[in-house]
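The values are calculated or read from the model by the stated rules, or taken from the named source; none is laboratory data. No experiment lies behind these values; they were computed from the predicted model shown. Cβ sites come from the backbone with ideal geometry, for glycine too, and all protein chains shown count toward neighbours. Only protein heavy atoms, including side chains, enter the accessible area calculation; ligands, DNA and RNA are left aside. Shrake-Rupley method; radii C 1.70, N 1.55, O 1.52, S 1.80 Å.
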Amino acid sequence: LRSYLRDESSRLRRLRRFYEKVQALHQDPEASVDNPLLAFSLIKRLHSDWPNIIYSDEATGNAQALHAGLWEVERELPGSEDLAGAARALMRLQDVYALSVKGLAGGVFQRAGHPPLYSPGRRAPLSADDCFHVGKVAYDTGDYYHSIAWLEEAVSLFRLSYGSWNLEDRSSLEDALDHLAFSYFMAGNISHALSLSMEFLRYDPSNQRVSRNVAKYKKLLETGTGTDGMPRAPPPLCPLHTLLWSFSPQAAPEQLLHLSCSYETNSSPYLLLQPAKKEMVQIQPYVALYHDFITDAEAETIKGLAGPWLQRSVVASGEKQQKAEYRISKSAWLKDTADPVVRALDGRIAAVTGLDLRPPYAEYLQVVNYGLGGHYEPHFDHATSMKSPLYRMKSGNRIATVMIYLSAVEAGGSTAFIYANFSVPVVKNAALFWWNLRRNGNGDGDTLHAGCPVLAGDKWVANKWIHEHGQEFRRPCSANPQD
């Protein structure tokens, strides 16, 4: 684009010089076609100079160079799926963190009556066209709750700038009014759908389709067959939303007695010189956070190894695995042979947990990247059905999880344990550990957890899932069969 602007500017400067020369000749009161030289110049200019300027190949060549440059990188640019995914991510952030659409459009991440969740150094407000596109993504899927909120903001912004045109915009006030009117109609608010359609006809009175809609809305209101003014129902509350806004960080007094920080060797020679920094986060379910579990250099190495192999994350669905909207992330798997850093990390996990990570007792290291609005809705790490693909390893269910935070985030991204009613924020280079199974082999229902949407930043984690086979003498059964 910079190259195109430079070449076009040069062409336009030459065109302006030609125009100024012609203008000077035409405005010269002394100039007369009686002068044969002036007459020749005029005839030549009208016969050949003007057509040469008008039909110059230079403008076409500049545009072709711009198109060729775009074509070279087009395959690497975001596609329509990425754009729709980004729009859905904004709606997800809006819901989970109860953010105002007007605030988001103005570049502010704030919930009514609360301080901002995130204050960027530089605000990035959305344009009317931006808001229209988010609303259109919701509209196309029949999500009129979100389409109304975003299209209302688009209409408001388009009204402020009506008459001015932006080269990059693909929508207009008329488009926003049209979609918003139908969204209100589908939500049951006929009178507002009518007023918006009437406003549309002021700008485009010849539009037959909208004229028919106006007649339809009037008839519905006259006959009373339309339910007018029905309130917009918000989407069902996400469990994360409930947790985030009802959770109190104050633990019960009896729990505080058992929560502590300590240096742990776990009877491992590996940890004698450098004990693990353990913070006990919760007793039931058992959740511990190991601070400074890896170094910055190790984290960067793991991210670098996984980067070229990242693909959209999948989830177990019966006996198969597939993509799902409730898990938005990219992931890759690293064998311990991929790099000495991965092998060393496996040894460190084994020392801290006291578990056997030798194949097939543990899965490969899974590296996950959560970008814009990336999240994972409430789920269990252990299998809840014997048909789960987890059992293909023939090493039993997932007994424990180690999740390592490879990066920091500016806001959001916490790991929330839903039933246990607590969450753990992202702590760079720390490792979160919990038991998925009770000692009797049954799944621990209190480990239902979720990855909260990333509000700002780039969240990287590495997961190590350890299976129950091979751990019989490392975590033996209890005398109590209920334990």
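With the cut-off at 1.5 for a/c, could you classify the range 80-223 from its C-alpha gyration tensor as rounded, prolate or oblate? Verdict is prolate for the range 80-223. Work through the residues other than R123 whose Cβ is under 15 Å from its Cβ and net out their charges, Lys, Arg +1 and Asp, Glu -1. Every neighbour counted, the sum reads 0.
For the ranges 195-207, 150-162, 470-482, what's the packing order if you count other beta-carbon atoms within 10 Å of each residue, average per peptide, and put the highest first? Show your work: numbers first, answer last.
Details: 195-207: 15.8, 150-162: 20.5, 470-482: 11.8.
Per-residue mean Cβ counts within 10 Å order the peptides as 150-162, 195-207, 470-482.
Scalar couplings 3J(HN,Hα) for the range 37-44, obtained by applying the Karplus form with A = 6.51, B = -1.76, C = 1.60 to θ = phi - 60°, are 5, 5, 4, 5, 4, 5, 5, 4 Hz; x denotes Gly and Pro.
Placing pseudo-labels 7 Å out from each Cα toward the beta carbon at L77 and R2 gives an inter-label distance of 1.8 nm.
Taking all protein chains in place and a 1.4 Å probe, what share, in percent, of the accessible surface of the range 1-76 do carbon and sulfur account for?
57 percent
Can you compute the FRET efficiency between T337 and S262 using 1/(1 + (r/R0)^6), with r the Cβ-Cβ distance and R0 = 35 Å? Round to the nearest 0.05.
On the way: r = 34 Å, r/R0 = 0.96.
The value I calculate is 0.55.
When every Cα-Cα distance of the range 1-76 is counted in 5 angstrom steps from zero, the calculated P(r) takes the values 3, 13, 17, 17, 13, 10, 9, 6, 5, 3, 2, 1, 0 percent. Placing pseudo-labels 7 Å out from each Cα toward the beta carbon at I43 and R170 gives an inter-label distance of 5.4 nm. Centre-to-centre separation between the Cα atoms of the range 427-442 and those of the range 339-364: 15 Å. With all protein chains kept in place, the per residue accessible area of the chain amounts to 56 square angstrom at a probe of 1.4 angstrom. Checking (1) 250; (2) 195; (3) 142 against volume of the Cα convex hull per residue in Å³ calculated from these atoms, the matching label is (1). Given K335/K394; K330/K428; K278/K394; K102/K219; K136/K387, which pairs have Cα atoms separated by over 29 Å? Long pairs (Cα-Cα over 29 Å): K278/K394; K102/K219; K136/K387.
Helix 144-160 and the long axis of the chain differ in direction by around 40°, with both axes built from C-alpha atoms.
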